[in-house]
Every structure is written in structure tokens, then in C-alpha cells.
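Following: one structure in C-alpha cells, then a few remarks.
The values are calculated or read from the model by the stated rules, or taken from the named source; none is laboratory data. Bear in mind the structure is a predicted one, so any value in this text is a computation, not a measurement. No Cβ is skipped: glycine too gets one built from the backbone with ideal geometry, and neighbour counts run over all protein chains shown. Side chains included, ligands, DNA and RNA excluded: accessible areas come from the protein's heavy atoms. Shrake-Rupley method; radii C 1.70, N 1.55, O 1.52, S 1.80 Å.
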Amino acid sequence: MKPKVINWFSSVVCCVLMIACGGGTKLTKTQIDPDRRGKPVSNLLVIGVTYNQETRRSFEGKMVAQLKATGIEAVTSVDVLPISEKQQLEKDGVLKVVDEFGNDAVLITHLVYTEEKEVITRDFSAVRSNYGFLWSYGNAYSPGHSSVNATIILITNLYDVKTQKLIWSGQSETTKPESLDQTIDDVIALVIKDLHDNQLLAK
């Protein structure tokens with residue numbers, strides 16, 4: 001089944017409230033621009049693609065806090081980049097924010113796929129995403145569903161502001177998520193570790 005890009009926070013919230021505990025999170029795929037390995041970024045704008053403001057604020061805040069704990073400058077986007085059911089994340093808006101904050105890179109996380117063993121749901125609305133370059137991420141949502149088990153696949157992309165090209169991309173997979181907070185914490189830890197391992201974050 002071909003993955004559909006959907007509003008990941010809204011869907012994850014629906015899933016984790018109704019699934020059994022046990023499972024874990026791992027990075028299943030990564031890709032890196034070989035010319036950028038060992039050429040770190042130092043000031044990131046963090047974006048969680050969702051119109052759930054409370055969960056977006058939590059995700060971005062946790063990511064920024066962990067980046068800063070490793071010595072990287074980072075800022076959240078939730079208060080300066082609106083994302084709603086009707087308003088997509090657009091290039092011009094992102095560029096305006098990074099110009100204001102002086103960021104040299106943008107880190108964007110969004111859901112690409114959920115799989116449930118048992119599910120009652122209406123169709124997800126498909127939206128558009130651009131994996132090679134910034135910045136086209138749409139929003140859609142599931143009106144609601146029930147599930148007994150789930151696999152959640154997230155994509156995190158790191159882009160260079162100057163060239164607007166993809167530096168690094170990582171796909172994480174969470175099975176049987178225990179809670180939304182735990183899933184967020186696990187994904188963040190894996191992403192930051194891999195970025196450090198590839199010398200993409202300044203020390």
C-alpha cells in the first residue's frame with residue numbers, strides 16, 4: 001500500500017488513545033547528501049506539520065530543548081508559522097521566518113503512514129509533499145477511527161536554507177506506541193543521534 005501523507009499529530013493522537021502498549025521506535029531509513037557529511041549546521045528552525053497547536057508546541061519545544069542540550073541553537077515555529085486545515089506550509093512563509101531568526105537549516109517532521117490491524121475509519125484526505133526540496137507540505141486529517149494496534153511512520157527532513165536542498169532525511173517507525181509523549185521523545189532522540197553521527201550538527 002502506497003503511503004499517504006496525512007496530518008501526523010492528529011492521527012497519532014487518535015491511535016495512541018486506543019492501542020495496546022508495547023513496541024518501540026527505530027530509524028528504518030536514512031539518506032544524506034554525501035557532500036554535506038561533516039559540514040554541520042548550527043541554527044535550526046523546527047517545524048512539526050500539524051494544525052493541532054498544543055501537540056505541535058509540545059513536539060517543537062521538546063526538539064528545540066534537546067538540540068540546545070547538545071549545544072545547537074534552535075527555535076520553534078509554532079508562534080510564527082501558522083499551519084491549519086486551510087493554510088499549508090509554504091516556502092515564502094518559511095523563508096521569511098528563517099531570515100528573521102538567522103537560521104541556517106530547517107528541520108521538518110510529518111507523518112507519512114499509519115497501519116492498523118483493526119480499523120474503522122473514513123478515508124484520509126491525500127495531500128502533497130515534496131521530498132527533494134523545500135517546502136510544500138499540506139494538511140489533512142482523519143475524521144476519527146478505532147484501532148487495536150498501530151505502526152506509525154514519520155519522516156524528518158533537514159534542509160539547507162541557503163540552497164533550499166535536502167541535507168538529511170530519516171524515516172522512523174513506531175510500533176504499539178505507549179503514548180504520544182513517548183513517541184515524540186523517542187523520535188527526537190533517534191533523529192538527533194543520527195544527525196550527530198553524520199556530523200551534521202555543530203559541536
*asked:* Looking for something among the small types (G, A, S), modelled with pLDDT under 85 and surrounded by fewer than 19 Cβ atoms within 10 Å (Cβ to Cβ) - is there at least one such residue anywhere in region 148-157?
replied: no
*Find all pairs meeting these conditions: Cβ atoms under 8 angstrom apart; at least six residues apart or on different chains; first residue within region 71-96 and farther than 19 Å from Y51 by Cβ; second residue modelled with pLDDT of 90 or more and among the charged types (D, E, K, R).*
A74/K68
_Report every pair of residues separated by at least 6 positions or lying on different chains whose Cβ atoms are under 6 Å apart, first residue within region 174-190 and closer than 19 Å to L107 by Cβ, second open to solvent by 50 Å² or more (accessible area, probe 1.4 Å) and in a helix (DSSP H, G or I)._
I184/K62; I188/K62; I188/Q66
*What about D99, is it surrounded by fewer than 21 Cβ atoms within 10 Å (Cβ to Cβ), more than 16 Å from the chain's Cα centre (by Cα) and not in a helix (DSSP H, G or I)?*
no
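Residues checked against (1) of a type outside the set (G, A, S); (2) open to solvent by less than 50 Å² (accessible area, probe 1.4 Å):
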{"residue": "G61", "(1), (2)": "no, yes"}
{"residue": "K68", "(1), (2)": "yes, no"}
{"residue": "V78", "(1), (2)": "yes, yes"}
{"residue": "I83", "(1), (2)": "yes, yes"}
*Give the number of residues within region 181-203 that are closer than 28 Å to E115 by Cβ, among the hydrophobic types (A, V, I, L, M, F, W, C) and open to solvent by less than 30 Å² (accessible area, probe 1.4 Å).*
6
*Would you check which residues across region 167-179 are open to solvent by 30 Å² or more (accessible area, probe 1.4 Å) and within 14 Å of the chain's Cα centre (by Cα) and list them?*
Q171, E173
*Of all residues in region 156-195, how many are in contact with a helix residue (DSSP H, G or I) (Cβ under 9 Å, 6 or more places away or on another chain) and on the phi > 0 side of the Ramachandran plot?*
1
*Among (1) modelled with pLDDT of 50 or more; (2) within 14 Å of L111 (Cα to Cα); (3) surrounded by fewer than 21 Cβ atoms within 10 Å (Cβ to Cβ) - the single one I47 does not satisfy*: (3)
